[in-house]
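Okay, structure first, notes after.
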Amino acid sequence: MKKNFEQFQMFITEQQTWFEQHLATDFAHSWDDSAWACGTKGSGWLRGNGKNSLRFDEISRFKGIEGFHTIDNAYMY
């Protein structure tokens, strides 16, 4: 289990590095923001039609899970 967690952490670090190198320069949000605006309020590669957001601090509309659930900070970073 420890090996899987270490591999997962390495994967997340790689994704953050790629984000910082390739996407962050033309993007209004940072890696650590709890939500990113999409659509007409979005920036960079998340700009488009509509009005949406990507939330990383809560779960909603997930098959089998009813209502809104806040994600504990320990699991976010």
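Just so you know, all these numbers are worked out from the coordinates, no wet-lab data involved. Just so we're clear, the structure is a prediction, and the values are computed from it rather than from any experiment. We place every Cβ from the backbone using ideal geometry, glycine too, and count neighbours over all the protein chains shown.
Taking each residue as 0.36 nm, the span from residue 26 to residue 47 lengthens on full extension beyond its C-alpha to C-alpha distance by 6.5 nm.
Overall size of the chain from C-alpha positions, given as principal axis extents largest first: 42, 37, 19 Å. Highest mobility in the GNM of the chain, judged by mean-square fluctuation with C-alpha springs under 10 Å and restricted to 20, 58, 66, is found for 66. The helix-only estimate of mean residue ellipticity at 222 nm for the chain, built from DSSP H runs of length n ≥ 4 each weighted as -39500 (n - 2.57), is -9500 deg cm²/dmol after division by the residue total. Exposure proxy shown here: for 63, 3, the number of other Cβ atoms within 10 Å sets the order, fewest to most, as 63, 3.
Over the chain, what is the relative contact order in percent, taking alpha-carbon pairs closer than 8 angstrom and at least six residues apart? Don't jump to the answer; show the numbers that get you there.
Numbers: 80 pairs, mean separation 13.5, N = 77.
Over the chain, the number comes to 18 percent.
Between residue 70 and residue 8, the modelled labels are 2.2 nm apart [label points 7 Å from Cα along Cα→Cβ].
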